[in-house]
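Peer 1: There's a structure below that I have some questions on.
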Amino acid sequence: MADTSSDTPAGARGLEFPCGPAPHTGSAKEVAPGVWWIRMPLPFALNHINLWALRDGDGWALVDTGIGAPDTAAAWQQLFAGALPGPVTRVFVTHMHPDHIGMAGWLTRKFGCRLWISRLEYLSCRALGADTGREAPDDAIAFYRRAGWDEEALETYRARFGGFGKMVYALPDSFRRLRDGEEITIGAHTWRVVMGNGHSPEHACLYCPALQLLISGDQVLPGISSNVSVFPAEPDANPLADWLASLDKLEREVPAGVLVLPSHNEPFRGLHQRIAALRGSQHQALERLRQALAQPRRAVDVYGALFARPITADHQLMSMATGESLAHLNYLVASGEARAALGEDGCTWYRRA
Ligand SMILES: [Zn+2]
């Protein structure tokens, strides 16, 4: 999943969007030789995801699959009956968020083909899927209490716990591992895996030098910034450092002139400009956070420093905002610029060092 917040039209300034409007659900649009753009609906504020079909011999290699839901299955059926005839040869998944991996198990079973994914994304998805049917763990409740959530928010968290698995069709029991730097022949072309992290544990982008294309997943998006969050299973994680390092890596390894095929919004040119804008807005956010930490603050107290729009009681929005606030706070703690202390109220209070 990606964030729906915290970006401005200024962030997209200077980008070109040469592919025109998105294809309708159930249809596909060729954006480069043998590379087709598919769009699927999502039941969130961010209401769509882009998927890609690559000519692979007589069939199609798919990149990402849509959220596990009957609507997505119906749209795939429509595609196989029309725009994408012929078998699916393999299913690539950039990362394990439900909008990307949701239908992977359905597609691989339907066509008897394999799932190509990084090891950490596969294993993380299996682990999160196993939470469905469990009670919310004490560690997770304590994590959100330390962040400053009240009892009502914690109760909503308990009620919704395990929701991840409900959006993901059962994964295949084995997979083909994607490795950083690996070169993979798909149809007539070679694609290179460019791994990144911070948005998810081991996110794969695919770069094709011959076609000058980058399938960027959620690592770089043109209109919104990627969600970079701390989650209860690893409360001391520093995903913002990982994400910023991954932007640097993409800038080094992928040239500025590629056409970027992102998972949300429209294909664009201007990769390096976009990376610079994303990096710049994160550094501005960190600077506002440093100012805010002149006084002791909890994670829930710093939304105003980090997000342009108000964070309402909407549970999904609040979860994302809390995870992102903690990502920024952990970044400053890791760099020695802030200190964290557990208060008598059970909340963690952060202050500039
Ligand atoms: Zn994602």
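The values are calculated or read from the model by the stated rules, or taken from the named source; none is laboratory data. Keep in mind that what you see is a predicted model, and the values were worked out from it rather than measured. Positions of Cβ are backbone-derived with ideal geometry, glycine not excepted, and every protein chain shown enters the neighbour counts. Ligands, DNA and RNA are excluded from the accessible area calculation, which covers all protein heavy atoms including side chains. Shrake-Rupley method; radii C 1.70, N 1.55, O 1.52, S 1.80 Å.
Peer 1: All but one of (1) in a loop (DSSP other than H, G, I, E, B); (2) among the small types (Gly, Ala, Ser); (3) away from the ligand (no atom under 13 Å from the Cβ) hold for GLY165; which doesn't?
Peer 2: With (1) in a loop (DSSP other than H, G, I, E, B); (2) among the small types (Gly, Ala, Ser); (3) away from the ligand (no atom under 13 Å from the Cβ) applied to GLY165, the lone miss is (1).
Peer 1: Conditions first: (1) surrounded by 21 or more Cβ atoms within 10 Å (Cβ to Cβ); (2) at pLDDT 95 or above; (3) touching an Asp or Glu at 6+ places or on another chain (Cβ under 6 Å). LEU62 passes all but one, so which condition is the exception?
Peer 2: If we test LEU62 against (1) surrounded by 21 or more Cβ atoms within 10 Å (Cβ to Cβ); (2) at pLDDT 95 or above; (3) touching an Asp or Glu at 6+ places or on another chain (Cβ under 6 Å), just (3) comes out false.
Peer 1: (1) touching a His at 6+ places or on another chain (Cβ under 7 Å); (2) surrounded by fewer than 20 Cβ atoms within 10 Å (Cβ to Cβ): which one isn't true of ALA308, the others all being true?
Peer 2: The single condition ALA308 does not satisfy is (1).
Peer 1: With the condition being charged (D, E, K, R), I'd like the strands (runs of 3 or more DSSP E) fully within region 253-353 carrying at least 2 qualifying residues.
Peer 2: Hits in region 253-353: 348-352.
Peer 1: Sticking with this structure for a sec: From the residues in region 1-34 that are modelled with pLDDT of 95 or more and among the aliphatic types (A, V, I, L, M), which one is nearest to the ligand (Cβ to nearest atom)?
Peer 2: For region 1-34, the residue satisfying everything is ALA22.
Peer 1: Please go through region 144-173 and give me each residue that is free of Cβ contacts under 8 Å to residues at least 40 places away in the same chain and open to solvent by less than 80 Å² (accessible area, probe 1.4 Å), ordered by number.
Peer 2: Matches in region 144-173: LEU154, PHE161, GLY162, GLY163, GLY165.
Peer 1: Cβ-Cβ below 6 Å, separation at least six or inter-chain, first residue in region 85-109 and open to solvent by 20 Å² or more (accessible area, probe 1.4 Å) and charged (D, E, K, R), second in a loop (DSSP other than H, G, I, E, B) and more than 16 Å from the ligand (Cβ to nearest atom): which pairs?
Peer 2: These pairs meet every condition: ARG90/CYS113.
Peer 1: Regarding region 127-137, can at least one residue be identified that is surrounded by 22 or more Cβ atoms within 10 Å (Cβ to Cβ) and either within 20 Å of the chain's Cα centre (by Cα) or under 20 Å from GLY323 (Cβ atoms) (or both)?
Peer 2: So far as region 127-137 goes, no, none of its residues is surrounded by 22 or more Cβ atoms within 10 Å (Cβ to Cβ) and either within 20 Å of the chain's Cα centre (by Cα) or under 20 Å from GLY323 (Cβ atoms) (or both).
Peer 1: Restricting to region 214-245, name every residue that is over 16 Å from ALA276 (Cβ atoms), of a type in the set (A, V, I, L, M, F, W, C) and either within 13 Å of the ligand (Cβ to nearest atom) or open to solvent by 10 Å² or more (accessible area, probe 1.4 Å) (or both).
Peer 2: Within region 214-245, ILE224, VAL228, PHE231, ALA233, ALA237, ALA241 meet the criteria.
Peer 1: Only one of these conditions is not met by ASP71: (1) over 21 Å from LEU42 (Cβ atoms); (2) open to solvent by 10 Å² or more (accessible area, probe 1.4 Å); (3) not small (Gly, Ala, Ser). Which number is it?
Peer 2: So the condition that ASP71 fails would be (1).
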